[in-house]
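For reference, the structure discussed in these notes is given below.
Readers should treat all values here as calculations from the given coordinates under stated rules, not as data from a laboratory. The shown structure was predicted, so the numbers you read here are calculated from the model rather than taken from an experiment.
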Amino acid sequence: MCILYAGEYTTIQPSEEGFSYVITNAGCDPDCPCCRERLTAHDWNRRYERCLDGTVNEYRIEDRYCQKCHKMHRLLPDFLVPHKHYGAEAVEEMVFNDTEQVLEKYPDTANEFTINRFKAWWNAMKPYLLAVAASLAETFGYTSQRLIGFREIIRVTANSCRWTFPTHLVSTPG
Ligand SMILES: [Zn+2]
């Protein structure tokens, strides 16, 4: 898996069928995060972005293949979170705000069970993600400033081939 940052991809306007393609911008094709080999085009996959207001956006996301280490890498735009139906904005909102606050803001669409599940996921992931971020900061000299944000932590972990998940909390395959 590779996470594309803002500026590295373009979201094409929804088609008549209602979905958008996420395509890499010129010069922004990622190499294999595991071995740094050039990736080759492979296939398109359907991904959804669920928002807290109840909106669900549909995308086509590219899978690319590494011919050296034989791994498939899904190119996820940074508004999606690996293995989650909810988009990054919704996840950030649920994880970093009080449950009551989120329920008040989205009374018709948010639910306590989902919010608590995301908080549990983040609490389970956080020590690992922060440890990876700290190790990468040491190895590659990232400044701590770059690693403060939720999306940045997720991105550096995924793009260094260190993404993992507590298996009992996984909801979607990639
Ligand atoms: Zn590779």
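For the chain, place one equal point scatterer on every Cα, skip the solvent, and apply the Debye formula. What is log10 of I(q)/I(0) at q = 0.08, 0.09, 0.12 Å⁻¹?
Scattering profile of the chain, log10 relative to I(0): -0.26, -0.33, -0.59.
Rounded to whole Hz and in sequence order, give me ³J(HN,Hα) for segment 73-90 from the Karplus expression 6.51 cos²θ - 1.76 cosθ + 1.60, θ = phi - 60°, writing x for Gly and Pro.
10, 8, 8, 8, x, 6, 8, 10, 10, x, 6, 10, 6, 6, x, 4, 5, 5
Calculate how many DSSP beta bridges within segment 2-169 are antiparallel, expressed in % of all such bridges and rounded to the nearest 5. Write out the running numbers ahead of the final one.
Values: 19 of 26 bridges.
Once the DSSP bridges in segment 2-169 are tallied, antiparallel ones form about 75 percent.
Pull up the cross-link candidates among the aspartates and glutamates for Lys71, meaning alpha carbon to alpha carbon under 15 Å and not fewer than 8 places away within one chain.
Cross-link targets: Asp31, Glu37, Asp43, Glu62, Asp63.
Per residue of segment 43-60, in order, report the coupling 6.51 cos²θ - 1.76 cosθ + 1.60 (Karplus, θ = phi - 60°) as ³J(HN,Hα) in whole Hz, putting x for Gly and Pro.
7, 10, 10, 8, 9, 10, 10, 8, 10, 5, 7, x, 5, 10, 9, 10, 10, 10
Which cross-chain or sequence-distant (5 or more) residues have an amide H under 5 Å from the amide H of Trp163, H modelled 1.01 Å from N in plane?
The list, which skips near neighbours in sequence, is empty: none.
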